[in-house]
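A.B. asks: Submitted below is the structure of interest, expressed as structure tokens.
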Amino acid sequence: MSDHRSISQALLGSREIRFNNRQESIYPNLMRFCLDFKFKVLQLLLSPESETAAPRRVVVLTKADFSGDPDFAITPAFSELEQLEHYVCDNQVDILHDYLFGVDEAANQAG
């Protein structure tokens, strides 16, 4: 399930997850987006929702020129790479269209 709250205020740190081996990747869509296009998969460490809870880890897909603001991630935040892989698989046409041709601002405002 995705994490829809604003994550920039809760960000403690991040790291890039790299896909180096095309033949052994268990996340083929994420691997293809990162190696064939200019995308990154980032694991974000978010502050806990309460003082007794542990920090949360989520993963997002971003452009390679990512400025560091997680609110500009291409995908929602997911707790597992499998969930992100599934989301990218289901939405790859829209993601690539926005990447190649830019985001249609009029369409975003309309709905």
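A.B. asks: Quickly run through segment 31-56 and pick out the residues that are under 15 Å from Leu96 (Cβ atoms), touching a residue at least 12 places away in the same chain (Cβ under 8 Å) and either in contact with a Leu (Cβ under 8 Å, 6 or more places away or on another chain) or not aliphatic (A, V, I, L, M) (or both).
C.D. replies: The answer is Phe33, Cys34, Phe37, Lys38, Phe39.
A.B. asks: Of (1) at pLDDT 90 or above; (2) charged (D, E, K, R); (3) surrounded by 14 or more Cβ atoms within 10 Å (Cβ to Cβ), Arg56 satisfies all except one. Which?
C.D. replies: Of everything listed in (1) at pLDDT 90 or above; (2) charged (D, E, K, R); (3) surrounded by 14 or more Cβ atoms within 10 Å (Cβ to Cβ), Arg56 misses just condition (1).
A.B. asks: Okay, moving on. Would you say Asn108 is over 21 Å from Leu12 (Cα atoms), of a type in the set (S, T, N, Q), at pLDDT 90 or above and over 10 Å from the mean Cα position of the chain (by Cα)? Working first, answer last.
C.D. replies: Working: over 21 Å from Leu12 (Cα atoms): yes; of a type in the set (S, T, N, Q): yes; at pLDDT 90 or above: no; over 10 Å from the mean Cα position of the chain (by Cα): yes.
Judged against the criteria, Asn108 is not a match.
A.B. asks: Pairs please, first residue from segment 70-97 and among the hydroxyl-bearing types (Ser, Thr, Tyr), second anywhere and surrounded by 14 or more Cβ atoms within 10 Å (Cβ to Cβ) and not in a loop (DSSP other than H, G, I, E, B), Cβ atoms under 6 Å, 6+ apart in sequence or on different chains.
C.D. replies: Sorted first by the residue in segment 70-97, then by its partner, the pairs are Thr75/Val60; Thr75/Leu61; Thr75/Tyr87; Ser79/Val58.
A.B. asks: Now a separate question. Going through segment 21-47 one residue at a time, which ones are out of contact with any strand residue (DSSP E or B) (no Cβ under 7 Å at 6 or more places or on another chain) and within 16 Å of Leu81 (Cα to Cα)? Reasoning before the result, please.
C.D. replies: Of all residues in segment 21-47, those out of contact with any strand residue (DSSP E or B) (no Cβ under 7 Å at 6 or more places or on another chain) come to 21-29, 31-32, 35-37.
Correct list: Glu24, Ser25, Ile26, Tyr27, Pro28, Asn29, Met31, Arg32.
A.B. asks: Here are some residues: Arg32, Arg57, Arg15. Which one is under 15 Å from Ile95 (Cβ atoms) and outside any loop (DSSP other than H, G, I, E, B)?
C.D. replies: Being under 15 Å from Ile95 (Cβ atoms) and outside any loop (DSSP other than H, G, I, E, B) holds for just one of Arg32, Arg57, Arg15, which is Arg32.
A.B. asks: Right, another one. Residue by residue through segment 26-53, note down the ones that are at pLDDT 90 or above and among the hydroxyl-bearing types (Ser, Thr, Tyr).
C.D. replies: Hit for segment 26-53 is Tyr27, nothing else.
A.B. asks: Then there's this: Based on what the data block shows, is Ser14 of a type in the set (S, T, N, Q) and either at pLDDT below 75 or exposed (fewer than 15 other Cβ atoms within 10 Å of the Cβ) (or both)?
C.D. replies: Values: of a type in the set (S, T, N, Q): yes; either at pLDDT below 75 or exposed (fewer than 15 other Cβ atoms within 10 Å of the Cβ) (or both): no.
No, not satisfied.
The values are calculated or read from the model by the stated rules, or taken from the named source; none is laboratory data. This one's a predicted model, so the numbers in the text were calculated from it and none came from an experiment. So basically every Cβ, Gly included, is an ideal-geometry build from the backbone, and we count neighbours across all protein chains shown.
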